[in-house]
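The next block holds one structure in the form of structure tokens; read it before the comments.
The values are calculated or read from the model by the stated rules, or taken from the named source; none is laboratory data. Bear in mind that the values here come from a model prediction, so they are computed numbers and not experimental data. So basically every Cβ, Gly included, is an ideal-geometry build from the backbone, and we count neighbours across all protein chains shown.
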């Protein structure tokens, strides 16, 4: 079957309709297989049902409180045909927070499954009709529309198709908007960038309620006429078996997913598969290299804001540690003054020598596809600032003299240690080399006098003497980067999208149930933090007066 890539299709609805008549297998989930034609027919049936379900005058929004089952992509495609939109509902939200997400996005129909019904018990959801997709009642509801055919004529590129919540560390999540035109364009662009063809199979193991799985995995498969294999929920132990079973060639990842896969037991047949490429964020250079050595598949790290306002693509020749070269309009600005930050200077060991002045916020001063947030003008104004409507990403970067960008964390990941600005992401990249570490997170805890101290959480094996020796051996670890506190956990706390739950780690600090090791001022060795230490003058902000603590805390300028 001929690929639709490059046909200039302007809507997702057109891409869905192009699969009508394609009898190749196209959608897999566990033991269920649908052809591309059956998937297009299923989308048409859901579009027709939706026309009868949505009340007139209401926003045409459908909530999806679903695992990665065939119902999710079928309803995405059906909503595209109907000119409607799907709001991905995060199943880790509970009670009033869950109800808030559903009501805020004004969902008139909520799709769910029997396993998720307990989440809805006791919630007040006025005007919301709940459809339980794994029931006979649901199948009976769909049956009258079985003969529907996909008609893309109703859809326009500007039609809203996705409302997906961004995972902020503070405040209620914001629902970012994505139109049919932007999603179709993203699909075509990624299909072209990674040479996706109709013979590829995309493995979707990241949750589809999040933008990553839909925009970077499902959309390029749809644009190229490739197959899609679904995993209900991500499983590191099931990853390789799924890749073999579905003959997957491409997948996306976010957060700690790659580290979890690498933590599984190696086997002699780890390269026995068709997988050629993984595309995502936050794997890090160390894990990306380890993944390619073990599985023979390349990982491509990219950067793209969830809202679509800025993107950076890796290209051959990109230096180690860099995300890619800054494209037109992308600059690093000092958020206090709005001035462009000077180029980053690295020494021979790779240490950033001018972090104070070089690290700033990545800003897109050129055209960008950011389409705003649903019913949240204040959040939109925070992203679009200035008379020219520049897009401020909320992410820290530095840029070298050749134009390459280096990720330094979120704006709330900046640490101010002894008067010097440090970037959590850069410290994490160094600590990830520690042999016992499965996952690493770096964040700030308050200094007893002023500013911050560096704290790290390490998942995996930790031995204080070997860790201290490891730190001393790292040529690119600055004198103020070494963690003062190290929390050791069996499993890193993560969000529903496998990103480290930094807000929880910051809140708990070193007063937590897990073992914490610390390095007292002036010492090189780590020792267990005791309750007395935690409340003492060298650690606690609740200790003696700042004047006394200042005399006890040595400073290195």
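Quickly run through the range 401-424 and pick out the residues that are surrounded by fewer than 21 Cβ atoms within 10 Å (Cβ to Cβ), within 16 Å of residue 322 (Cα to Cα) and without any contact (Cβ under 8 Å) to a residue 60 or more places away in the chain.
Across the range 401-424, the qualifying residue is only 401.
Select, from 433, 375, the only residue that is part of a loop (DSSP other than H, G, I, E, B) and either at positive phi or under 19 Å from the mean Cα position of the chain (by Cα) (or both).
On the way: 433 fails: either at positive phi or under 19 Å from the mean Cα position of the chain (by Cα) (or both).
Being part of a loop (DSSP other than H, G, I, E, B) and either at positive phi or under 19 Å from the mean Cα position of the chain (by Cα) (or both) holds for just one of 433, 375, which is 375.
To keep it simple, each residue is scored yes or no on (1) in contact (Cβ under 8 Å) with a residue 40 or more places away in the chain; (2) surrounded by fewer than 16 Cβ atoms within 10 Å (Cβ to Cβ); (3) closer than 23 Å to residue 106 by Cα; (4) in the same structural domain as residue 222 (by TED's automatic domain parsing).
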{"site": "21", "(1), (2), (3), (4)": "no, yes, no, yes"}
{"site": "24", "(1), (2), (3), (4)": "yes, yes, no, yes"}
{"site": "28", "(1), (2), (3), (4)": "yes, no, no, yes"}
{"site": "39", "(1), (2), (3), (4)": "no, no, no, yes"}
{"site": "54", "(1), (2), (3), (4)": "yes, no, yes, yes"}
{"site": "57", "(1), (2), (3), (4)": "no, yes, yes, yes"}
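Looking for whichever is surrounded by 22 or more Cβ atoms within 10 Å (Cβ to Cβ), in contact (Cβ under 8 Å) with a residue 12 or more places away in the chain and part of a loop (DSSP other than H, G, I, E, B) here; the options are 213, 248, 219. Which one fits?
On the way: 213 fails: part of a loop (DSSP other than H, G, I, E, B); 219 fails: part of a loop (DSSP other than H, G, I, E, B).
That would be 248, the only listed residue that is surrounded by 22 or more Cβ atoms within 10 Å (Cβ to Cβ), in contact (Cβ under 8 Å) with a residue 12 or more places away in the chain and part of a loop (DSSP other than H, G, I, E, B).
Which one of 120, 111 is in contact with a helix residue (DSSP H, G or I) (Cβ under 7 Å, 6 or more places away or on another chain) and over 30 Å from residue 391 (Cβ atoms)? Even if it seems obvious, please write down each step before you answer.
Working: 120 fails: in contact with a helix residue (DSSP H, G or I) (Cβ under 7 Å, 6 or more places away or on another chain).
111 is the lone residue from the list that is in contact with a helix residue (DSSP H, G or I) (Cβ under 7 Å, 6 or more places away or on another chain) and over 30 Å from residue 391 (Cβ atoms).
Results for (1) assigned to a helix (DSSP H, G or I); (2) more than 19 Å from residue 138 (Cα to Cα); (3) modelled with pLDDT under 95, shown as yes or no for each residue.
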residue: 56; (1), (2), (3): no, yes, yes
residue: 59; (1), (2), (3): no, yes, yes
residue: 79; (1), (2), (3): yes, no, no
residue: 86; (1), (2), (3): no, no, no
residue: 91; (1), (2), (3): no, yes, yes
residue: 97; (1), (2), (3): yes, yes, yes
residue: 110; (1), (2), (3): no, no, no
residue: 125; (1), (2), (3): no, yes, no
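Of the conditions (1) out of contact with any helix residue (DSSP H, G or I) (no Cβ under 6 Å at 6 or more places or on another chain); (2) outside any loop (DSSP other than H, G, I, E, B); (3) surrounded by 21 or more Cβ atoms within 10 Å (Cβ to Cβ), residue 465 clears all except one; give me its number.
(3)
Scanning the range 254-273 for residues that are touching a strand residue (DSSP E or B) at 6+ places or on another chain (Cβ under 7 Å) and part of a loop (DSSP other than H, G, I, E, B), which turns out surrounded by the most Cβ atoms within 10 Å (Cβ to Cβ)?
Per the stated criteria, the residue is 256.
Only one of (1) surrounded by fewer than 20 Cβ atoms within 10 Å (Cβ to Cβ); (2) under 29 Å from the mean Cα position of the chain (by Cα); (3) under 16 Å from residue 109 (Cα atoms) is not met by residue 126, so which one is it?
(2)
State whether the residues of the range 266-280 include one that is free of Cβ contacts under 8 Å to residues at least 60 places away in the same chain, within 22 Å of residue 496 (Cα to Cα) and under 21 Å from the mean Cα position of the chain (by Cα).
yes
Got a number for residues in the range 129-168 being over 31 Å from the mean Cα position of the chain (by Cα), farther than 18 Å from residue 12 by Cα and modelled with pLDDT under 95?
0
This table checks each residue for (1) touching a strand residue (DSSP E or B) at 6+ places or on another chain (Cβ under 6 Å); (2) in a loop (DSSP other than H, G, I, E, B).
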position	(1), (2)
309	yes, yes
316	no, yes
319	yes, yes
332	yes, no
335	yes, yes
338	no, yes
